[in-house]
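Asker: Quick one: the structure is below, questions incoming.
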Amino acid sequence: MASPRIAIVGDANKSRSPELAKKAAEALGTELARRGCRILVFSSDPSFVEYDVVRGYLASKTKKEPGAIEVRYPPNLGELFPGEKPGDELFDRKPLGREWEVSFYPSLADVDGLLLIGGGYTTKIAGLIAIGARTPLLPLAGFGGAAEDILESLRSDRHSIATEKELNLMAQQTWTDSSAARCLDALLIQANRRLALEKQAELLESERKRTQTLTTLAATGSVLFVAVLLAIAEAWHSDQLPRSFLLMLFGAPAVAGASGAAIRVVWDHWRQDAIPLALRPVGMTVALGFWASGVAGALFVLPQILSLGTLQITQASRLLPFAALIGLLAGLTLEKVFPKLIKVEVPVDTRALEPEKAQAKTAPQQRRVH
């Protein structure tokens, strides 16, 4: 995993105490190097806080990775930092275009944190961009300048990832030997917190897509099953038993099962002694209940029809409530019915459905017996 990349923006001369702001910037640079962080700076001008942060960063004896200091600079501010040598591997220099704002502000979108000290208009805009992007922020508002305005905006932001304790730390006007470590702790904790929120959002989005796909499959399966029921009704209807009654006979168990599956979910969540469960998607629950109960009802109705031969409407009306109750129970006990349906073996002996062929095969045997 790459080390955190922290951007530095600010102007110590626009703070309440320029000397204290420069001291804080240097201490933060040393602490950033000690934590193994990379830094993004924009100017080697001594009036900007990047100058002091880099000086503190270089003063640290901690081993640093090549390109740990990324410098994005406009053409008129391309001078080297104190201690930087031409072609220094520690520095990764990337010149900006003539309109430096076009390259400066977008570069703040992909950093892991933003440190603001003092500053004016540019610092304020950079801070507002970071708030909008939910970038971890450390505006040292106690030193004044635009960083103070950013802290006020951060306090009023309902989606801020900074805690009240961290915001109060940013507002402190004193600076001690432990201040740099505590400020960096606050910034890096925000970075970890944002990373956790991003991972959670990715998981939620993945689950949403998964649920959407499963719901689509459930709806497709239900529609196809309705087509099967329509085919059965079309094939078996007669003058004695109209198509609509056959549809009710085969469809009632499926509808009752969908109702039972939905009520079972409500019951599971209503029980006081049950551990809270993740609520199942409604579409999938209804579809599973509809399909499983429809099949269970068909497995009950079909043998009855085959044993009775030609089904009369009075006989069908007597079967209907039993079929509906079987479908309802199948929906209520969906977790038991579905595994059994999957394990059901489809019969391959169809001689009983072909009486003429069966009689032709048995006739020679009957003659030999006589």
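What follows draws every value from the coordinates through simple rules; no lab data is involved. Quantities reported herein were computed from a predicted structural model and do not represent experimental measurements. Ideal geometry is used to build each Cβ from the backbone, glycine not excepted, and the neighbour counts take in all protein chains shown.
Asker: Compute the relative contact order of the chain as a whole-number percentage, counting only Cα pairs closer than 8 Å that sit 6 or more residues apart in sequence.
Answerer: Reported as a whole number, the value is 12 percent.
Asker: Which one of 216, 249, 203 is farthest out on the positive end of the charge dipole of region 179-256, using unit charges on Cβ (Lys, Arg +1; Asp, Glu -1) and the Cα centre as origin?
Answerer: My answer, from the dipole projection, is 203.
Asker: Provide the per-residue ³J(HN,Hα) series for region 205-212, in order, calculated from phi with Karplus coefficients 6.51, -1.76, 1.60 and θ = phi - 60°, each as a whole number of Hz, with x at glycine and proline positions.
Answerer: 5, 4, 5, 5, 5, 5, 5, 4
Asker: I need 23, 209 ordered by Cβ neighbour count within 10 Å, fewest first.
Answerer: Taking fewest neighbouring Cβ atoms as first place, the list is 209, 23.
Asker: Express as a percent, rounded to the nearest 5, the fraction of DSSP beta bridges in region 5-199 (both residues included) that run antiparallel.
Answerer: 5 percent
Asker: Assigning unit charges at the beta carbon (Lys, Arg +1; Asp, Glu -1) and nothing else, what dipole magnitude in debye, to the nearest 20, does region 127-274 show about its Cα centre?
Answerer: Using only the charged Cβ atoms, the result is roughly 300 debye.
Asker: DSSP beta bridges in the chain, what fraction antiparallel, as a percent rounded to 5?
Answerer: Looking only at bridges with both residues in the chain, the antiparallel portion is about 5 percent.
Asker: Highest first, please rank the peptides 262-271, 126-135 by the mean number of other Cβ atoms sitting within 10 Å of their residues.
Answerer: Answer by packing, highest mean first, reads 126-135, 262-271.
Asker: Here's something else I'd like to know. So what J values fall out for region 102-115 if you push phi through Karplus, 6.51 cos²θ - 1.76 cosθ + 1.60 with θ = phi - 60°, rounded to Hz, Gly and Pro as x?
Answerer: 4, 9, 5, 5, x, 5, 7, 6, 10, 8, 8, x, 9, 9
Asker: How many angstrom lie between the Cα centre of region 38-54 and the Cα centre of region 192-266?
Answerer: Each part reduced to its Cα centre gives a spacing of 62 Å.
Asker: About the Cα centre of region 1-101, what is the dipole size in debye to 20, counting +1 per Lys and Arg Cβ and -1 per Asp and Glu Cβ, all else neutral?
Answerer: Here the size comes out at about 360 debye.
Asker: Still on this structure: Could the peptides 36-44, 223-231 be put in order, highest first, of the mean number of other beta-carbon atoms found within 10 Å of their residues?
Answerer: 36-44, 223-231
Asker: Between rounded, prolate and oblate, where does the chain land on the alpha carbon gyration tensor, with a ≥ b ≥ c its root eigenvalues, rounded for a/c under 1.5, else prolate if a/b exceeds b/c?
Answerer: Because a/c hits 1.5 or more and a/b exceeds b/c, the chain counts as prolate.
Asker: Is there a quick way to get the dipole size of the chain? I mean about its Cα centre, with the Cβ of Lys and Arg at +1 and of Asp and Glu at -1; what is the value in debye to the nearest 20?
Answerer: 1560 debye
Asker: Run the numbers on region 5-199 and let me know its relative contact order in percent, using alpha-carbon pairs under 8 Å that are six or more apart.
Answerer: The normalised contact order for region 5-199 reaches 22 percent.
Asker: Sort 82-95, 245-258 for me by packing, meaning the mean count of neighbouring Cβ atoms within 10 Å per residue, highest on top.
Answerer: 245-258, 82-95
Asker: Cut-off is 10 Å between beta-carbons; in what order do 102, 53 appear when sorted fewest neighbours first?
Answerer: 102, 53
Asker: Order of 112, 149 from fewest to most other C-beta atoms within 10 Å?
Answerer: 149, 112
Asker: Considering only 122, 91, 137, whose Cα is most displaced toward the positive end of the charge dipole of region 5-199, charges sitting on Cβ of Lys, Arg (+1) and Asp, Glu (-1)?
Answerer: Farthest along the dipole direction, towards plus: 137.
Asker: Is the shape of region 76-211 best called rounded, prolate or oblate, per the rule: a/c under 1.5 gives rounded, else a/b larger than b/c gives prolate, else oblate, with a ≥ b ≥ c the square roots of the Cα gyration tensor eigenvalues?
Answerer: oblate
Asker: May I pose another question? Quick one: which residues, 5 or more positions from residue 161 or on another chain, have an amide H under 5 Å from its amide H? H modelled 1.01 Å from N in the peptide plane, none for Pro or chain starts.
Answerer: So residue 161 has HN proximity to no qualifying residue.
Asker: What's the FRET efficiency of residue 307 with residue 212 using the Cβ-Cβ distance as r and R₀ = 30 Å, to the nearest 0.05?
Answerer: 0.10
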